[in-house]
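Written below as structure tokens is the structure these notes are about.
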Amino acid sequence: MIFDSGQVLVSCEHASNRLPVGMKASPEMMALHIAWDPGALKIARRLAETFNAPLHAGEYSRLVVDLNRTIGNSVLVRRVSDGHRIPFNHGLSRSDVERRIKDYYLPYRTAVSEAVEGIIQDCGRCVHLCIHTYTPQLGDNVRGNDIGLLYDPHRQPEAALVRELREALIERTGLVVWLNRPYQGTADGILPRIREAHDAKVYVGIELEVNQRFAEVPAELDDITDAFSRCVQDLCGWKEGDGLQ
């Protein structure tokens with residue numbers, strides 16, 4: 001099956017550092033990477049425009065409830081993050097957490113899942129581009145890559161496509177591109193849960209992680225986004241590797 005932009009869905013779970021009415025924290029805290037992924041929404045919007053694709057973006061900070069975690073994960077609603085005590089999460093009851101899941105989490109996850117199913121029905125395959133950014137340094141760990149491509153190495157054609165995508169991005173940008181770093185593509189998140197519901201031939205999930213140092217230079221962020229979109233479109237694996245042609 002050849003690549004078609006109609007197959008693309010873009011999501012951005014950590015798009016915003018906004019808080020719902022009634023929740024308060026200092027502007028300094030809400031500007032930190034613990035609250036959102038700076039630059040991610042800009043990338044996601046540009047990709048959605050390029051592919052004329054639907055965009056699903058989180059409306060509130062990940063500190064309210066993390067849209068990229070599974071219900072039951074201990075960090076779904078964080079009381080402390082990277083050493084910072086989260087004031088509006090202190091003393092939450094189980095019912096408080098359940099209310100946030102109902103009000104903020106489930107509507108988003110349901111909308112994305114239904115959009116994936118609709119694209120598969122209409123186009124035969126969904127190419128889900130999940131957009132995040134990461135802090136250049138977490139604790140004592142300095143992240144050495146500019147871009148991370150997260151995927152499931154046991155799914156085809158996803159794995160072959162992402163390996164080809166890495167080589168194409170390096171050639172086009174000259175940047176340091178690593179696979180499944182700074183996170184594992186199979187770690188808890190929205191893509192692994194959606195993969196569980198769909199055959200590998202009809203659902204390809206690629207998480208793009210960009211170093212947040214590029215968020216401070218809009219032109220460079222645009223260049224990375226445009227290179228990524230062009231490389232995705234030009235992958236030979238769309239025609240050669242999925243057995244659906």
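The values are calculated or read from the model by the stated rules, or taken from the named source; none is laboratory data. Just so it is clear, the model here is predicted, and its values are computed rather than measured. A quick note on method: Cβ atoms are made from the backbone with ideal geometry, for glycine too, and the neighbour counts reach across all protein chains shown.
Before we move on, is Gln245 under 15 Å from the mean Cα position of the chain (by Cα) and either modelled with pLDDT of 95 or more or surrounded by fewer than 19 Cβ atoms within 10 Å (Cβ to Cβ) (or both)?
Numbers: under 15 Å from the mean Cα position of the chain (by Cα): no; either modelled with pLDDT of 95 or more or surrounded by fewer than 19 Cβ atoms within 10 Å (Cβ to Cβ) (or both): yes.
For Gln245, the condition - under 15 Å from the mean Cα position of the chain (by Cα) and either modelled with pLDDT of 95 or more or surrounded by fewer than 19 Cβ atoms within 10 Å (Cβ to Cβ) (or both) - is not met.
Restricting attention to segment 177-208, which residues are out of contact with any helix residue (DSSP H, G or I) (no Cβ under 9 Å at 6 or more places or on another chain), over 19 Å from Ile119 (Cβ atoms) and hydrophobic (A, V, I, L, M, F, W, C)?
Within segment 177-208, Ala187 is the sole residue that qualifies.
Here's a check for you: in segment 140-162, which residue that is surrounded by fewer than 17 Cβ atoms within 10 Å (Cβ to Cβ) and touching a strand residue (DSSP E or B) at 6+ places or on another chain (Cβ under 9 Å) is nearest to Cys231 (Cα to Cα)?
Filtering first and then ranking leaves Pro153.
Write out, first by first residue and then by second, each pair whose Cβ atoms fall under 8 Å of each other, whose residues are 6+ apart or on separate chains, and whose first residue, in segment 187-202, is in a helix (DSSP H, G or I) while the second is surrounded by fewer than 17 Cβ atoms within 10 Å (Cβ to Cβ).
Sorted first by the residue in segment 187-202, then by its partner, the pairs are Pro192/Thr186; Arg193/Thr70; Ile194/Ser113.
Filter segment 168-226 for residues that are within 29 Å of Met1 (Cα to Cα), charged (D, E, K, R) and more than 18 Å from the chain's Cα centre (by Cα) and give the result.
Glu171, Arg172, Asp199, Lys201, Asp223
Only one of (1) within 16 Å of the chain's Cα centre (by Cα); (2) not in a loop (DSSP other than H, G, I, E, B) is not met by Glu28, so which one is it?
(1)
Among the residues in segment 15-32, are any within 19 Å of Arg193 (Cβ to Cβ) and of a type outside the set (Gly, Ala, Ser)?
Taking every residue of segment 15-32 in turn, none turns out to be within 19 Å of Arg193 (Cβ to Cβ) and of a type outside the set (Gly, Ala, Ser).
For the condition buried (at least 23 other Cβ atoms within 10 Å of the Cβ), part of a loop (DSSP other than H, G, I, E, B) and among the β-branched types (Val, Ile, Thr), what is the one hit in Val64, Val21?
Values: Val21 fails: buried (at least 23 other Cβ atoms within 10 Å of the Cβ).
The conditions single out Val64.
Quick one: which residue in Leu76, Leu47, Leu92, Leu41 is in contact with a helix residue (DSSP H, G or I) (Cβ under 7 Å, 6 or more places away or on another chain) and under 29 Å from Glu114 (Cβ atoms)? Walk me through how you get there before you give the answer.
On the way: Leu76 fails: in contact with a helix residue (DSSP H, G or I) (Cβ under 7 Å, 6 or more places away or on another chain); Leu92 fails: in contact with a helix residue (DSSP H, G or I) (Cβ under 7 Å, 6 or more places away or on another chain); Leu41 fails: in contact with a helix residue (DSSP H, G or I) (Cβ under 7 Å, 6 or more places away or on another chain).
So the residue among Leu76, Leu47, Leu92, Leu41 that is in contact with a helix residue (DSSP H, G or I) (Cβ under 7 Å, 6 or more places away or on another chain) and under 29 Å from Glu114 (Cβ atoms) is Leu47.
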